[in-house]
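Contents: one structure, followed by commentary.
The values are calculated or read from the model by the stated rules, or taken from the named source; none is laboratory data. Predicted model only: the values in this text are computed from it and were never measured. Ideal geometry is used to build each Cβ from the backbone, glycine not excepted, and the neighbour counts take in all protein chains shown. To get the accessible areas, we keep the full protein, side chains included, count just its heavy atoms, and leave off ligands, DNA and RNA. Shrake-Rupley method; radii C 1.70, N 1.55, O 1.52, S 1.80 Å.
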Amino acid sequence: MSDSREQAGNSTAVDGRKVNKRLDAAAYQKLYKASVSDNEGFWGEQADRIDWIKPFTTVKDVSFARKDLHIRWYEDGELNVCVNCVDRHLKTRSGQAAIIWEGDNPDQQRTISYSELYEEVCRLANAMEARGITKGDRVILYMPMVPQAAFAMLACARIGAVHSVVFGGFSANALADRIVDCQARMVITADGSHRGGKTIPLKPNVDEALKIAEQQPEGHQVRTVLVSKVSGDSVDWLDHDLWYDEFVPTHEAVHEAVPVNAEDPLFILYTSGSTGKPKGLQHSSGGYLVYTATTFSYTFNYQPGEVFWCAADVGWVTGHSYIVYGPLANGATTLMYEGVPTYPNLGRCGEVIDKHKVNIFYIAPTAIRTLMTDQKRAIGSSQRDSLRILGSVGEPINPGVWQWFHDEFGKGQCQVVDTWWQTETGGIMMTPLPYVVEPKPGAAMTPFFGIQPQLVDKRSDILEGKADGHLVILDSWPGQARTIWNNHERFIDTYFSTHDGMYFTGDGAKRDEDGHFWITGRVDDVLNVSGHRLGTAEVESAVVSHPKVAEAAVVGFPHELKGEAIYVYVIPNDGVVPDEQLTKELRDWVRKGLGPVASPDMIQWTHGLPKTRSGKIMRRILRKIAANEHETLGDTSTLADPQVVDELIDNRLNR
Ligand code: WT7
């Protein structure tokens with residue numbers, strides 16, 4: 001099978017510049033077909049992208065059958081992920097920038113070469129070992145977007161510890177749940193974080209989270225909290241606390257990496273589902289690295305020396321795969337930005353692109369929509385001529401937004417890739433390959449090599465040709481999550497039970513007459529608010545934990561900037577008369593319980609919720625009312641009390 005690594009060097013003129021397409025349309029078709037028909041052959045070959053300490057002899061051992069569900073790739077191979085992202089580049093690019101860090105404050109920046117990255121990571125790895133952390137231990141990272149976050153991920157990988165990054169926008173409660181669920185032994189954090197000119201406390205949340213965790217039946221195992229000085233805010237100091245900036249530099253800048261098995265977990269990342277508490281998706285070392293390295297290389301057509309900027313947070317899977325592991329496994333220069341895309345104003349993204357000569361820029365549609373609110377500001381202060389490829393991720397991109405991104409932001413000189421994937425998939429699953437697949441605005445288009453997407457109906461029957469249905473994936477890929485930490489049954493139930501023998505994505509999609517895919521959004525009770533994933537059940541349980549609330553139902557509704565926003569219907573307890581003060585109190589309550597990302601946009605008090613006679617809430621109706629589409633409610637005859645609907649419509653907030 002011949003892929004890009006044999007075809008380097010053919011340069012053609014596209015978008016007014018010379019590019020190395022690597023594949024033409026015919027070669028792409030051929031390679032895709034081969035990647036499916038000889039899936040093991042394809043992934044066996046891609047595995048050569050990384051260095052193995054002990055080579056594997058089997059590529060793939062997978063069953064999607066409920067009764068025998070297992071997913072293993074390269075299972076007898078051994079490697080070290082950190083060595084692949086750092087050490088092996090020292091021979092050829094020790095002086096090249098590995099990470100360019102751009103501060104929230106436009107005057108702050110730092111460039112970390114591969115050799116500096118090696119030293120930083122080795123010192124931290126030694127420091128962690130000195131605190132008793134060894135292979136298999138879990139370490140929670142609750143960090144701002146500073147280089148130490150990447151050092152910490154790589155240092156964990158180096159010693160075989162399993163990291164679990166918790167987004168800094170999550171609350172102490174959410175952090176406590178994760179600390180307890182994965183039984184972490186260490187937390188790496190900072191005093192506080194700079195975002196959009198404000199300081200956000202982190203260390204105080206860790207202190208509170210540990211207090212909360214102590215009170216839970218399982219307790220917690222945290223013995224060390226390593227605190228990086230970022231905001232300079234004064235913080236309380238406890239026995240288990242250590243300053244990163246004092247403790248880490250006392251350790252040696254060399255470290256012998258610990259070999260791990262390909263299937264040993266590299267990280268756990270919590271994400272929301274349609275029921276219950278967030279699930280800790282467990283990702284592998286070998287397969288994950290091969291998958292992120294391969295998808296990074298092809299999707300972004302990365303060429304040596306280019307600067308890649310993924311404007312996500314390392315707290316999300318996008319940051320794991322395309323700020324840290326994918327780029328560094330390719331020896332790329334990855335830009336890490338501390339702040340928000342709109343600070344100090346909407347021109348910031350363009351200015352950062354000019355300042356660091358960014359070639360590839362990867363961002364969420366919600367941010368692009370915000371830039372579009374003041375186009376002059378957003379593009380007036382920069383040239384952006386270094387850009388070659390623009391990527392979109394996290395939610396459907398409206399065709400108009402795609403067009404603006406391409407025509408105005410990218411000046412019509414860039415390839416745009418709309419990449420569909422999930423926390424569970426580890427890396428990009430669908431995308432038009434740049435220079436190869438002609439994109440249609442708003443479509444994720446075509447599967448990545450080796451990926452077999454399919455559409456099915458509710459009875460799991462496969463839909464052929466032009467169709468609209470549930471999006472499933474028929475066979476495994478190396479980057480797939482292996483299980484839910486400590487809960488394999490839930491993994492099977494969530495992803496492999498709705499459609500027998502297939503991985504169910506939770507998304508709906510359409511296939512057009514040309515065979516191209518369009519993601520239509522979640523078909524389960526998962527919300528996508530500004531590209532952040534939240535479960536309605538999680539928000540509901542935060543709402544009903546308020547002492548004045550009897551019952552609540554949460555749905556999403558379309559929002560111009562956020563994509564989707566949060567609408568809460570609440571029944572107060574008997575005797576409680578809701579007023580504006582209580583509404584505000586409830587909003588703050590949810591922010592405190594889950595974090596600012598979950599702050600409800602609309603809170604409607606009501607005497608009742610639309611329920612079937614068996615007591616099931618009819619969310620379909622609530623979604624329609626929240627979307628101000630109550631004219632088309634559909635059948636309400638199965639409701640126990642149809643009058644409830646009239647009250648809800650009369651008092652609706654979104655008109
Ligand atoms: C959900 C996964 C992809 C990493 C960041 C989000 C939605 C993601 C697209 C896209 C339409 C998209 C899906 C998916 N989504 N990318 N290009 N077009 N929808 O990861 O938090 O696990 O969320 O995001 O609904 O299921 P996540």
Exercise. With the full set of protein chains in place, find how many percent of the accessible area of the chain is carbon and sulfur; take the probe as 1.4 Å.
Key: 48 percent
Exercise. Would you please classify the overall shape of the range 145-258 from the alpha carbon gyration tensor, given that a ≥ b ≥ c denote the square roots of the eigenvalues, rounded means a/c under 1.5, and beyond that prolate means a/b larger than b/c while oblate covers the rest?
Key: oblate
Quiz prompt | Residue-by-residue Karplus 3J(HN,Hα) for the range 272-284, coefficients 6.51, -1.76, 1.60, Hz, glycine and proline x | solution = 7, x, 7, 10, x, 7, x, 9, x, 6, 9, 10, 8
Quiz item: Restricting the count to DSSP beta bridges whose residues both fall in the chain, what percent are antiparallel, rounded to a multiple of 5?
Solution: 60 percent
Quiz item: Between M186 and residues 5 or more places away or on another chain, which pairs have amide H atoms under 5 Å apart, with H built 1.01 Å from N, and which residues are they?
Solution: I140, R223
Quiz item: With a sphere of radius 10 Å drawn around the Cβ of V165, what net charge do the other residues whose Cβ falls strictly inside it have (Lys, Arg +1; Asp, Glu -1)?
Solution: 0
Self-check item: Cα-only radius of gyration and Dmax that characterise the chain, units Å
Solution: 24.3, 75
Quiz item: In nanometres, what is the gap between the two model label sites at E438 and T520, each 7 Å from Cα along Cα-to-Cβ?
Solution: 2.6 nm
Practice problem: Kindly write out, for the range 16-32 in residue order, the coupling ³J(HN,Hα) from the Karplus curve 6.51 cos²θ - 1.76 cosθ + 1.60 (θ = phi - 60°), rounded to whole Hz, with x marking Gly and Pro. | Solution: x, 9, 7, 10, 9, 5, 6, 9, 9, 4, 5, 5, 4, 4, 5, 5, 4
Exercise. Compute the separation of the alpha-carbon centres of the range 335-387 and the range 496-541 and state it in Å as a whole number.
Key: 29 Å
Quiz prompt | Per residue, in Å², the accessible surface of the chain once ligands and nucleic acids are set aside, probe 1.4 Å | solution = 37 Å²
Quiz item: Can you give the FRET efficiency for H607 and S386, using 1/(1 + (r/R0)^6), R0 = 51 Å, r = Cβ-Cβ distance, to the nearest 0.05?
Solution: 0.30
Quiz prompt | Relative contact order of the chain, defined on C-alpha pairs under 8 angstrom at six or more residues apart (%) | solution = 12 percent
Quiz item: Given the convex hull of the Cα atoms of the range 443-567, what is a quarter of its surface area in nm²?
Solution: 10.0 nm²
Quiz item: Roughly how much of S497 is accessible, in Å² to the nearest 10, using a 1.4 Å probe?
Solution: 40 Å²
Self-check item: Heavy-atom accessible area ranking, 1.4 Å probe, most first, across W402, W237
Solution: W237, W402
Quiz item: Please state the relative contact order of the range 536-655 as a whole percent: Cα pairs under 8 Å, 6+ residues apart?
Solution: 23 percent
Self-check item: For the range 561-606 versus the range 116-149, the gap between their alpha-carbon centres in whole angstrom
Solution: 38 Å
Quiz prompt | Gain in span if fully extended, E214 to V254, counting 0.36 nm per residue against the direct Cα distance | solution = 10.8 nm
Self-check item: Cβ crowding within 10 Å averaged over residues, with 586-598, 241-253 ranked highest first
Solution: 586-598, 241-253
Self-check item: Mean Cβ neighbour count within 10 Å, used as a protection proxy, ranking 506-512, 212-218 highest first
Solution: 506-512, 212-218
